[in-house]
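Asker: There's a structure below that I have some questions on.
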Amino acid sequence: MVMNHVSRGDARATGPLLLVASARFLSWRLSLEREGFAQSTLTRRYAAAASKWSAITSACGAEAVYADALTRIARSHGLTGRRKVRALDCGVGAGATLRALALAFGPDARLAGVDAAAEMVSEARAALFEAGMEADLRRADIRALPFPDEAFDICVSAHCLEHLAEPETGLREMARTIKPGGLLIAILTPRSMVGAWVHLKWRVRLATDRSAGAMFAAAGLPKPERFAVGGTWLNRALSVAYVARKPAPSLQIGAQASSSQAASGSSNSRQISALTRA
């Protein structure tokens, strides 16, 4: 995954600045930010953790938890029982989400996945082989997916977008690969005590309903629905899913036109105001 970075005096590559907390006092706004990992550092850390990742996700019950959430999402959007669903997983890790997709949509689901770390791709391939599953797995950046437009019905990203400096760029690229009416599913780490621990270790961007809505809006997508992930307090503290359908092209064009008109109107207002003051 590619992240924006800033240059410091020592020419050290750095990651995005992440807002940790903010507060207002009278006319003051106090913000606490933390520097995220640069892309190269993050990839190395995931590569180093790859051999243990399957054990970590198994301990969390990730496969069953994700399968339950994906099944509820499919039922909510009328996809239950659909045959040969084409699904893409961005940030495959050790393959837990891909296995969950197969449980939710059946063994005939056509699966594909990407990860920035080659070691993770290898772990996922081995896990799927052991489970008797097949998937098109590739090492790739979520911001430059190696798939054609409208190739999938569903695109999922579990705990990947939260690492990006501009997560909407990854979400927009995910949207490109699914057909109109397809589902975009972003599983994120919510603000919680457990989420704070995850942030301390991995420097992720913690999600709220408001920040997730802003991310989808910035990517030109509808306001997402919120789905709980898992039945235990720990599962819910670790993950939350936000889901939206990709709008039809005419609706996307209309939304872009409205946005442009609003921006133009705002610009004209500022010009009129400036002339009035002059």
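Asker: Rounded, prolate or oblate, given the Cα gyration tensor of region 127-215, with a/c below 1.5 counting as rounded?
Answerer: oblate
Asker: Sorted by packing (mean other beta-carbon atoms within 10 Å per residue), highest first, where do 178-185, 72-79 land?
Answerer: Packing order, densest peptide first, comes out as 178-185, 72-79.
Asker: Please compute the Cα-Cα pair-distance distribution of region 66-194 with 5 Å bins starting at 0, giving whole percents from short to long.
Answerer: Distribution as computed: 2, 11, 22, 25, 21, 13, 5, 1 percent.
Asker: Could the peptides 234-241, 221-228, 155-162 be put in order, highest first, of the mean number of other beta-carbon atoms found within 10 Å of their residues?
Answerer: Result, highest mean first: 155-162, 234-241, 221-228.
Asker: Sticking with this one: What GluC sites (Glu not before Pro) in region 99-143 are in a loop by DSSP, with at most 15 other Cβ atoms within 10 Å of the Cβ?
Answerer: For GluC sites (Glu not before Pro) across region 99-143 that sit outside H, G, I, E and B with at most 15 neighbouring Cβ atoms in 10 Å, the list reads GLU134.
Read the figures in this text as sums done on the coordinates, not as results from a lab. Note that the structure is predicted; figures quoted are calculated from it, not measured. Please note: Cβ atoms are built from the backbone with ideal geometry, for glycine as well, and neighbour counts cover all protein chains shown.
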